[in-house]
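S.K.: The structure follows.
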Amino acid sequence: MKGLKVYAIAYLLFLYAPIFLLPMFAFNDADIIAFPLSGFTTHWFEELTRNAALQAAVRNSLIIAASTAVLSTILGICAARAATMADWPLKRPMMGLIMLPLVLPEIIVAVSLLVVIVQVFGLGLSNTTIIAAHTLICMPFSIAVLNGAFQNLDPALEEAALDLGESRWSAFRLVILPLVMPGIISSLLISFTISLDEFIIAFFLSGANPTMPVYIWGLLRFPGQLPVVMAMGTILVALSIVLLTIAEIMRRRGLKRAGLKDTGGFL
Amino acid sequence: MFRKRLTDSGRRGLILVSPPFLYGVLLLAVPLATVLLFSFWTQDYLTIDTSFTFANYSEALADPLYMQLLRGSLLIAGAVTVATVLLAFPIAYFVSFHVQPSRKSLWLFLITIPFWTSYLIRVFLWKVILGYNGVLNSSLTGLGLIDEPLSFILYNANAVVITLAHAFAPFAILPIFVALEKIDRSLLEASLDLGETRLTTFLRVTLPLAMPGVVAAVLIVFIPTIGDYVTPRLVGGPDGLMIANMIQTQFLKLNNAPMGATLAILAMLSVTAVSLAFIWLNRRWLRGPR
């Protein structure tokens, strides 16, 4: 199956083309984003450190992403743990609603929250509104990651802890939590990454303080600012790859801890 | 005794699921219902007229601009879906059937990484790649393959299809991969032993068994594509604009939330209708040959 392998490699090149180009332009000594490249410079990275508005946007995004990661992971633990329990009435429709944001167009989520927050409650937009919305869309991803961790638990372990006199809560804390910890870390990192990059919802719901993608969107209209955006993007991509690699290692370690064969993939 | 324990476990499950479920109700179900309600109201300059009316719907359905955008969006989303799934299937097949089991998760990881990197910057870089003086055109002219830069690849629907096929790649690959992994390999051997060729085995055994994954891939690509306004705005040009751009304009620029809500509902309804039709056709087709 040589042809298929060639196709697979060509496809990976297609997937990675934008990521390969990003650092090229970030280190390129020219104002315009085009070939041929002119020369090596770290000028655009230095410019980043002088841009106060961009730094404020980055700080905003980091706060939002961290809060989203914690909230969506806590809610995700509840849902993933509940999914392993026996059936209750309406289990499937309830889980369906929780997972719905995975397939819903993001603009629909953005528009519906905007209507409720601004038109119905007359509240202002702030970081809180973005955190609330990002938690909603990250929750299904958290659950997908955590499901793997919780479903592979041997129920005998919890029963043994209960028989030995632990309460339900201490059995959870002392036995289950350490076993699913890799899944939790993986879920935190994935929600953090999604929230950090999310633009469509943040654009609708951000108030006076833009998040980083919203700020970058504004810069895309000014050709002179583009090399700085490329530098910013390079840092972001490097950070995402590091976080995801850690998340993947954690996920695999979790599977190994549960004594399972790796079936691969986050979703 | 056993029955009682089951309900006990079920009760704890219900308690545990309540926080995420209530979150979903408050931040998703209630807002969606509100949008539906808004679509039956009208904007009266600065205030909203809350008398129930179909005025927005009749205006939207009668306006050729809105209908053109909606039709165009469905066509572009359909083209994106076909391109993404056709490109993704061989990859999922390759990883499932021709990669050693120990290296499968590495391949899947490599496939998913680009998906997690900044969406905005990825879309912008496609603009750089596809542009008149872009990476693709300058390398093709440099290699002497073309004399004039290709102009049909940026600022039109083609650019939107290419960019979104890139953005949604893992969404299409993973469900197909999961379906392929579930196929019992001895069925393929049996088919070959019974005199089918490799091609007919693929068409009559592998493909029908992989269809649930393909259907999932189609839906998971098609539905969110309708809601994208970044890619059309950056690489689509005037012909590539989609209904989501209009929804965004209604809400954020024209300050006409009821009309925006109506367009959002219409977009959702048409996406749901197309999806249901696809699932129905697929069921019929799968049942047919047996």
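S.K.: I need the full set of residues from the range A:47-78 which are within 17 Å of the chain's Cα centre (by Cα) and either under 13 Å from residue B:18 (Cα atoms) or not in a helix (DSSP H, G or I) (or both), in order please.
M.R.: Here is the first cut: in the range A:47-78, the ones within 17 Å of the chain's Cα centre (by Cα) are A:58-77.
Matches in the range A:47-78: A:74, A:75, A:76, A:77.
S.K.: Give all pairs with beta carbons closer than 6 Å in which a residue from the range A:127-154 that is within 16 Å of residue A:66 (Cβ to Cβ) and assigned by TED's automatic domain parsing to the domain that holds residue A:176 meets a residue that is open to solvent by 30 Å² or more (accessible area, probe 1.4 Å) and of a type in the set (Ser, Thr, Tyr); count only pairs at least 6 apart in sequence or on separate chains.
M.R.: A:131/A:67
S.K.: Identify all residues within the range A:13-42 that are in a helix (DSSP H, G or I) and open to solvent by 70 Å² or more (accessible area, probe 1.4 Å); write none if there are none.
M.R.: Our first condition is that a residue be in a helix (DSSP H, G or I); within the range A:13-42, this holds for A:13-26.
Selection gives A:13, A:20, A:24.
S.K.: Right, here's the next one. Can you tell me which residue is farthest from residue A:108 (Cα to Cα) among those in the range B:227-247 that are at the interface with chain A (Cβ under 10 Å from one of its Cβ atoms) and open to solvent by 10 Å² or more (accessible area, probe 1.4 Å)?
M.R.: Here the answer is B:234.
S.K.: Here's a follow-up. In the range B:202-224, which residue that is of a type outside the set (A, V, I, L, M, F, W, C) and within 14 Å of chain A (Cβ to nearest Cβ) is surrounded by the fewest Cβ atoms within 10 Å (Cβ to Cβ)? Give the steps one after another, and end with the answer.
M.R.: Quick first cut of the range B:202-224, residues of a type outside the set (A, V, I, L, M, F, W, C) only: B:204, B:206, B:208, B:212-213, B:224.
Now narrow it down to the ones that are within 14 Å of chain A (Cβ to nearest Cβ): B:206, B:213, B:224.
Values: B:206: 20, B:213: 25, B:224: 23.
Only one residue fits best here, namely B:206.
S.K.: If you don't mind, another one. Just to be sure before I move on: is residue B:112 within 20 Å of residue A:103 (Cβ to Cβ), facing chain A (nearest Cβ under 9 Å), under 21 Å from the mean Cα position of the chain (by Cα) and hydroxyl-bearing (Ser, Thr, Tyr) in the structure I sent? Quick ask: steps written out before the conclusion?
M.R.: Details: within 20 Å of residue A:103 (Cβ to Cβ): yes; facing chain A (nearest Cβ under 9 Å): yes; under 21 Å from the mean Cα position of the chain (by Cα): yes; hydroxyl-bearing (Ser, Thr, Tyr): yes.
Judged against the criteria, residue B:112 is a match.
S.K.: Test of understanding: among B:159, B:172, B:165, which residue is within 22 Å of residue A:141 (Cα to Cα), more than 10 Å from every other protein chain (Cβ to nearest Cβ), among the hydrophobic types (A, V, I, L, M, F, W, C) and open to solvent by less than 30 Å² (accessible area, probe 1.4 Å)?
M.R.: Just a single option satisfies the conditions, and that option is B:172.
S.K.: Out of all the residues in the range A:79-94, which are assigned to a loop (DSSP other than H, G, I, E, B), within 7 Å of another protein chain (Cβ to nearest Cβ) and among the aliphatic types (A, V, I, L, M)? Show your work before the answer.
M.R.: Our first condition is that a residue be assigned to a loop (DSSP other than H, G, I, E, B); within the range A:79-94, this holds for A:84-90.
From the residues that got through so far, the ones that are within 7 Å of another protein chain (Cβ to nearest Cβ) too are A:85-88.
Within the range A:79-94, A:85, A:86 qualify.
S.K.: From (1) within 26 Å of residue B:258 (Cβ to Cβ); (2) crowded, with 21+ Cβ neighbours inside 10 Å; (3) of a type in the set (Gly, Ala, Ser); (4) facing another protein chain (nearest Cβ under 8 Å), pick out the condition that doesn't hold for residue A:76.
M.R.: Condition (1) is where residue A:76 drops out.
S.K.: Still on this structure, please answer the following. Out of curiosity, is residue B:102 surrounded by fewer than 15 Cβ atoms within 10 Å (Cβ to Cβ), part of a helix (DSSP H, G or I) and not basic (Lys, Arg)?
M.R.: On the way: surrounded by fewer than 15 Cβ atoms within 10 Å (Cβ to Cβ): yes; part of a helix (DSSP H, G or I): yes; not basic (Lys, Arg): yes.
So residue B:102 passes the test.
S.K.: Residues that are charged (D, E, K, R) and more than 7 Å from chain A (Cβ to nearest Cβ): does the range B:139-147 have at least one? Give the derivation first.
M.R.: Narrowing the range B:139-147 to residues charged (D, E, K, R): B:147.
Now narrow it down to the ones that are more than 7 Å from chain A (Cβ to nearest Cβ): B:147.
For the range B:139-147, residues charged (D, E, K, R) and more than 7 Å from chain A (Cβ to nearest Cβ): present.
The values are calculated or read from the model by the stated rules, or taken from the named source; none is laboratory data. Given the structure is predicted, the values throughout are model-derived calculations rather than measurements. For neighbour counting, all protein chains shown are included, and Cβ atoms are generated from backbone atoms with ideal geometry for every residue, glycine included. Note: accessible area is taken over every heavy atom of the protein model, side chains too, but ligands, DNA and RNA are not part of it. Shrake-Rupley method; radii C 1.70, N 1.55, O 1.52, S 1.80 Å.
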